[in-house]
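Data first, discussion second: the structure below is written as structure tokens.
The values are calculated or read from the model by the stated rules, or taken from the named source; none is laboratory data. Everything quoted here is computed from the prediction, not taken from an experiment. Because the Cβ atoms are built from the backbone with ideal geometry, glycine has one as well, and the counts that use them run over all protein chains shown. These accessible areas exclude ligands, DNA and RNA; they are computed on the full protein's heavy atoms, side chains included. Shrake-Rupley method; radii C 1.70, N 1.55, O 1.52, S 1.80 Å.
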Amino acid sequence: KFEKDPENLEVLKEVSSLLRRSECTDIPLFAQVAENLYKQEPTATAAYNLAIMFLKKQEFDKTESYLKEAIEKSDDIDKADYYLRLAQISLSKKQLIEAKKNALEAIKLNPNLGAAYIIIGNAYAAYSKNYGEDDFDHASVFWAAVDKFVKAKQVDPSVAEEANKLINAYSPHFP
């Protein structure tokens, strides 16, 4: 369909949606469709598609740029997911304050987003060596991290397995 009419907006939306649902966002066809769709209709969804494409290519600056654009143009339901993606990228770049900030924005929009609490907990754990003046202070951060993991599985049972692994990994580090 795409090859027959690569500028057809309805075809672009249909193919884009299909590829995204099938998690085929790292193939060249998705890139072509995402770019054509964005050129014709630079909506939040189109910007998000480009963000996903650049994320797969590990081009994080472009990913962040398109995610921020998607956030500006979207409604609250999608915005929470976009903030969550932004938080994940910030965490992977060790931008811990930014990761927490974006995760909190996602939680404001969707309080049952367990993955956002996991990001905050991971940000706390990653910051532990920088907190306080001694080993006790460094280790005390793990209390806060584990609290976030517990909260994650309370609000979102789908993340319980990951939360439990993190709880088991960080609890032994308590002071």
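Calculate how steeply helix 96-109 sits against the longest principal axis of the alpha-carbon atoms of the chain, using the helix alpha-carbon long axis, and give the answer as 0 to 90 degrees to the nearest 10.
For helix 96-109, the angle is close to 70 degrees.
Rank Ser140, Ser22, Ser158 by accessible area, highest first, at a 1.4 Å probe radius?
Descending accessible area places them as Ser158, Ser22, Ser140.
What net charge do the residues around Ala125 carry, taking every other residue with its C-beta under 13 Å from that of Ala125, with Lys and Arg at +1 and Asp and Glu at -1? Walk me through the numbers on the way to the answer.
Values: positive: Lys94, Lys100, Lys129, Lys148, Lys165; negative: Asp147.
Residues close to Ala125 contribute a combined charge of +4.
In degrees from 0 to 90, rounded to the nearest 10, what is the angle of the helix 135-155 Cα long axis to the longest principal axis of the chain?
50
Roll a 1.4 angstrom probe over the protein heavy atoms and tell me the percent of accessible area of the chain that is carbon or sulfur.
Carbon and sulfur together cover 50 percent of it.
In degrees from 0 to 90, rounded to the nearest 10, what is the angle of the helix 9-21 Cα long axis to the longest principal axis of the chain?
Orientation of helix 9-21: about 30 degrees from the principal axis.
Restricting to Cα pairs below 8 Å that are 6+ residues apart, what does the relative contact order work out to for region 115-175? Please round to a whole percent.
Working: 72 pairs, mean separation 22.3, N = 61.
After rounding, I find 37 percent.
Could you give the distance between the Cα centres of region 1-38 and region 45-105, to the whole Å?
20
Checking the table Lys1/Lys62; Lys4/Lys93; Lys1/Lys101; Lys13/Lys94; Lys1/Lys100 against a 32 Å threshold on Cα-Cα, which pairs fail? Before the final figure, lay out each step's value.
Values: Lys1/Lys62 28 Å; Lys4/Lys93 40 Å; Lys1/Lys101 41 Å; Lys13/Lys94 34 Å; Lys1/Lys100 42 Å.
Violating the 32 Å limit, Cα to Cα: Lys4/Lys93; Lys1/Lys101; Lys13/Lys94; Lys1/Lys100.
Once you keep just the Cα pairs under 8 angstrom separated by 6 or more residues, what percentage relative contact order results for region 8-114? Before the final figure, lay out each step's value.
Working: 118 pairs, mean separation 18.7, N = 107.
Result for region 8-114 is 17 percent.
Tell me which label goes with the value of semi-axes √(5λ) of the Cα gyration tensor in Å computed from the coordinates here: (i) 37, 15, 13; (ii) 28, 23, 14; (iii) 25, 19, 18.
(i)
Using DSSP to define loop residues, name the GluC sites (Glu not before Pro) in region 59-132 whose beta-carbon has at most 16 other beta-carbon atoms within 10 Å. Can you show the working numbers first?
Numbers: sites: Glu59, Glu64, Glu69, Glu72, Glu98, Glu105; in loops: Glu59.
Hits after loop and neighbour filter: Glu59.
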